[in-house]
1. How many residues does segment 4-37 contain that are part of a strand (DSSP E or B), surrounded by 13 or more Cβ atoms within 10 Å (Cβ to Cβ) and either under 10 Å from the mean Cα position of the chain (by Cα) or modelled with pLDDT under 95 (or both)?
2. So E76 fits all but one of (1) exposed (fewer than 15 other Cβ atoms within 10 Å of the Cβ); (2) at pLDDT 95 or above; (3) of a type in the set (D, E, K, R); what number is the exception?
3. One residue is enough: does segment 33-42 have a residue meeting the conditions within 13 Å of T74 (Cα to Cα) and out of contact with any Pro (no Cβ under 7 Å at 6 or more places or on another chain)?
4. Among the numbered criteria (1) assigned to a loop (DSSP other than H, G, I, E, B); (2) surrounded by fewer than 12 Cβ atoms within 10 Å (Cβ to Cβ), which single criterion is violated by L50?
Amino acid sequence: MQTATIMFRDVDDAKKFVSCAERYPDPVDVQCGNRMVDAKSLLGVIALGLEKKLNLKIYGDNSAELLNRVEFCTVE
């Protein structure tokens, strides 16, 4: 499992992120505090909130590929 911190500036960022996550074959989750949602669910991702730091959890062996695709929303 690989983790990263992400943030969505607006709904379009969230849509683009979910589109990338949907193409990834293994599970991907987004967490905010004690709430965790499937990263492939637009409603779930937006429900966590915009302009908040979120924890991305990528499972599987090709996590670097997905991290490259979602680089637009990663923060340090």
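1. 7
2. E76 satisfies all of (1) exposed (fewer than 15 other Cβ atoms within 10 Å of the Cβ); (2) at pLDDT 95 or above; (3) of a type in the set (D, E, K, R) except (2).
3. No, the conditions are met nowhere in segment 33-42.
4. Of the numbered conditions (1) assigned to a loop (DSSP other than H, G, I, E, B); (2) surrounded by fewer than 12 Cβ atoms within 10 Å (Cβ to Cβ), the odd one out for L50 is (2).
Each row is one residue, and each column tells you yes or no for (1) of a type in the set (G, A, S); (2) free of Cβ contacts under 8 Å to residues at least 12 places away in the same chain; (3) out of contact with any strand residue (DSSP E or B) (no Cβ under 9 Å at 6 or more places or on another chain).
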site	(1), (2), (3)
A4	yes, no, no
D10	no, no, yes
F17	no, no, no
V28	no, no, no
K40	no, no, no
V45	no, no, no
K57	no, no, no
L66	no, no, no
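The values are calculated or read from the model by the stated rules, or taken from the named source; none is laboratory data. Remember, predicted model here, so these are calculated numbers, not experimental data. Heads up, the Cβs are rebuilt from the backbone with ideal geometry, glycines too, and the neighbour counts pull from every protein chain shown.
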